[in-house]
1. Just one of Glu5, Glu14 is modelled with pLDDT under 95 and either aromatic (Phe, Trp, Tyr) or open to solvent by 30 Å² or more (accessible area, probe 1.4 Å) (or both); which is it?
2. Please verify whether Gly365 is open to solvent by 10 Å² or more (accessible area, probe 1.4 Å) and on the phi > 0 side of the Ramachandran plot, treating the condition exactly as stated.
3. Filter region 85-115 down to residues that are in contact with a His (Cβ under 9 Å, 6 or more places away or on another chain) and buried (at least 21 other Cβ atoms within 10 Å of the Cβ), then give me how many there are.
4. Scanning region 336-354 for residues that are over 18 Å from the mean Cα position of the chain (by Cα) and open to solvent by less than 30 Å² (accessible area, probe 1.4 Å), which turns out nearest to Tyr306 (Cα to Cα)?
5. Going through region 160-181 one residue at a time, which ones are more than 15 Å from Lys262 (Cβ to Cβ) and open to solvent by 10 Å² or more (accessible area, probe 1.4 Å)?
6. Against the conditions (1) open to solvent by 60 Å² or more (accessible area, probe 1.4 Å); (2) under 19 Å from Asp312 (Cα atoms); (3) at pLDDT below 95, where does Gly62 fall short? Just the number, please.
7. For Ser264, state whether it is in contact with a helix residue (DSSP H, G or I) (Cβ under 7 Å, 6 or more places away or on another chain), in a helix (DSSP H, G or I), open to solvent by less than 50 Å² (accessible area, probe 1.4 Å) and at negative phi.
8. Do we have Ala131 as assigned to a helix (DSSP H, G or I), farther than 30 Å from Lys206 by Cα and open to solvent by less than 80 Å² (accessible area, probe 1.4 Å) here?
Amino acid sequence: MLKEEKAEMQETLEKLYNAGTLSNKYVVIFGSNEPAEKMASWLLSHGICVEAMADNNMKKQGTSCMGIPVDSPGNILGNFRENAIILIASKYYNEMAQQLVAMGYKEEKHIFKIVDMAKGSTYSVTEETFAEKEKEISKGWDIYKKIRRKYGNETRVFICPYPALGDVYLAGMYLEKYCTKNNISSYAVTVTSSACMQVLSMFKIKQAEKLAKEESDLMVQSLVFAGLKECNTEILHHRFPYTAGIGALGNYKGVCFNDHYKYSIFGMERNETVQAPENRQDKKYIDNFFKENGLTEGKTVIISPYANTSPDLPASFWKEIIKEYKNKGYTVCTNSSGAEEPAIEGTTAVTFPLTKAVQVVEAAGNFIGLRSGLCDVISQSHAKKIILYPDRIYQEGKYISFYSLKNMGLCMDAEEKVVNCGFQKEDMYV
């Protein structure tokens, strides 16, 4: 989820909570996706019991998500419940709401849209809509032409459409080899965050531009309209253009996230080598970092409790782990990027550039974190790494199967664990 979507979700949930709408009700979340997990995490942290998650995907029915049972809408809500509150965060809100209305439930009484996941999606063909889309295409084209003026028409422009570190890390691994194979002598890459720019620098990619997410989206719209090939551009994601069906192959017969990049995007052969990220040793930086933060090399645990695609774990989960490590003589710190990601109580907040992440984690000796793009970045570090995955279905299988660092071939020494309500924290300790 994007930062703006998470903020909107929290605001809507707070309004419902403060109004008493959620009190003493049969609360159901429609969908068992990433936004559903974010909702469940917020609700549980505020003492609201989530009875179930409804999902039309038969592969998810009969499973659980965050310890919450998942079943069909009919099984959960088929017998009309007057006290039901059904929360939806999906781009398919209209279809879901219609399904529930047919069962007797009413919008704004039983059914609530928690966040608009379909912003920018327009299905109207009115003159006004056409004129508005025409303006957007024109804006996107202006952004593209500005990049062209800087780098020239012969330069291939690669677009990373999401502010996702893992996506950009994989793109960086293959870009140089891909360009060599395809006789691309000059290329530039666009990303949508400063952190992603740091990742590109790890692969010595110097021709790079940071665009605002809105600017990137507008440019993508205009290029899909004008023709990617004709404009000497490529979008580095398996779900673009929007008609691409390759994304549906996730987890099918073992297809993992890296496979999408290696085979479907870059067309690599199985045994082809890729570019390793640059990992310059900077002992002076490490010495200063550990001294300034009061940390001890080899006896430090860096926890990373925040991830865009995973639900937050309760503070109590981390506090028990922190206590155990401290009892064993370790110092524990929280990887924090600011006020939105505060340090877990009992730890020190630390921040370090992504270009130094491998060195910092190696010097610390221990890393425990939710699966995020940072895990890709530090995958090559020689340290004890414990990566936590949500108990979630993804396409044809489990989320961990698709995003596993081992399955992706990024590292073989990480301990990868699925986290749910029955997870034994004792497994976390050294």
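The values are calculated or read from the model by the stated rules, or taken from the named source; none is laboratory data. The model shown is predicted, which means the values in this text are computed figures rather than measured ones. Cβ sites come from the backbone with ideal geometry, for glycine too, and all protein chains shown count toward neighbours. Remember, those area values only see protein heavy atoms, side chains included, never the ligands or the DNA or RNA. Shrake-Rupley method; radii C 1.70, N 1.55, O 1.52, S 1.80 Å.
1. Numbers: Glu14 fails: modelled with pLDDT under 95.
Matching residue, one of Glu5, Glu14: Glu5.
2. On the way: open to solvent by 10 Å² or more (accessible area, probe 1.4 Å): yes; on the phi > 0 side of the Ramachandran plot: yes.
When the stated conditions are applied, Gly365 passes them.
3. Result for region 85-115: 3.
4. Ile344
5. Tyr162, Pro163, Ala164, Leu165, Thr180
6. Gly62 satisfies every listed condition except (2).
7. No: the conditions fail for Ser264.
8. Numbers: assigned to a helix (DSSP H, G or I): yes; farther than 30 Å from Lys206 by Cα: yes; open to solvent by less than 80 Å² (accessible area, probe 1.4 Å): yes.
Judged against the criteria, Ala131 is a match.
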